[in-house]
1. Taking residue 86 as the residue in question, decide whether it is on the phi > 0 side of the Ramachandran plot and within 13 Å of the chain's Cα centre (by Cα).
2. I'd like to verify a number: residues in region 33-58 that are in a loop (DSSP other than H, G, I, E, B) and farther than 14 Å from residue 89 by Cα, how many?
3. Which one of these does residue 57 not meet: (1) touching a strand residue (DSSP E or B) at 6+ places or on another chain (Cβ under 8 Å); (2) surrounded by 13 or more Cβ atoms within 10 Å (Cβ to Cβ); (3) farther than 23 Å from residue 27 by Cα?
4. For residue 31, state whether it is over 19 Å from residue 101 (Cα atoms), under 13 Å from the mean Cα position of the chain (by Cα), surrounded by 18 or more Cβ atoms within 10 Å (Cβ to Cβ) and modelled with pLDDT of 95 or more.
5. Give the residues of region 82-102 that are surrounded by 12 or more Cβ atoms within 10 Å (Cβ to Cβ) and not in a loop (DSSP other than H, G, I, E, B), sorted by residue number.
6. So residue 79 ticks every box in (1) under 11 Å from the mean Cα position of the chain (by Cα); (2) assigned to a loop (DSSP other than H, G, I, E, B) but one. Which box is left unticked?
7. Give 89, 99 a once-over and let me know the one that is at pLDDT 95 or above and farther than 18 Å from residue 32 by Cβ.
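The values are calculated or read from the model by the stated rules, or taken from the named source; none is laboratory data. Here the structure is a predicted model, which means the values were calculated and not measured. Quick reminder, even Gly has a Cβ in these numbers, built from the backbone with ideal geometry, and neighbours come from all protein chains shown.
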C-alpha cells in the first residue's frame, strides 16, 4: 500500500510532466500548406476554400476545430494535430482524415 506522502509526491510529478508537455505542444510550429505531409492529406487552412472536385470527402461544416484529432478548444485559432506530426493547424482548416468529434 502506498503512503499518502508517496502518493502526493508522485501526483505532483505527474501534474508537472503534463504541464510541461502541454507547453511543448502549444509551442509547435504552424503547418505550411505546402508541407509534403499537408499536401498528402489535402490540408487547407480555410475549409471554405476546399476544392470539392479534388476533395470529394469534404462536407460543408467540417473543420479542424470540430475534428477529433484537433488538440485544442474549438475556439482556438490554431492547435496541434497528430496527423501532421503535432504541428499546429488552423481551426478553420480541413484535411482528408477529418473525423467528427464525438
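1. Yes, satisfied.
2. 9
3. Every condition holds for residue 57 apart from (1).
4. Judged against the criteria, residue 31 is a match.
5. 82, 83, 84, 88, 89, 90, 94
6. It is condition (2) that residue 79 fails.
7. Selected residue: 99, the only one of 89, 99 that is at pLDDT 95 or above and farther than 18 Å from residue 32 by Cβ.
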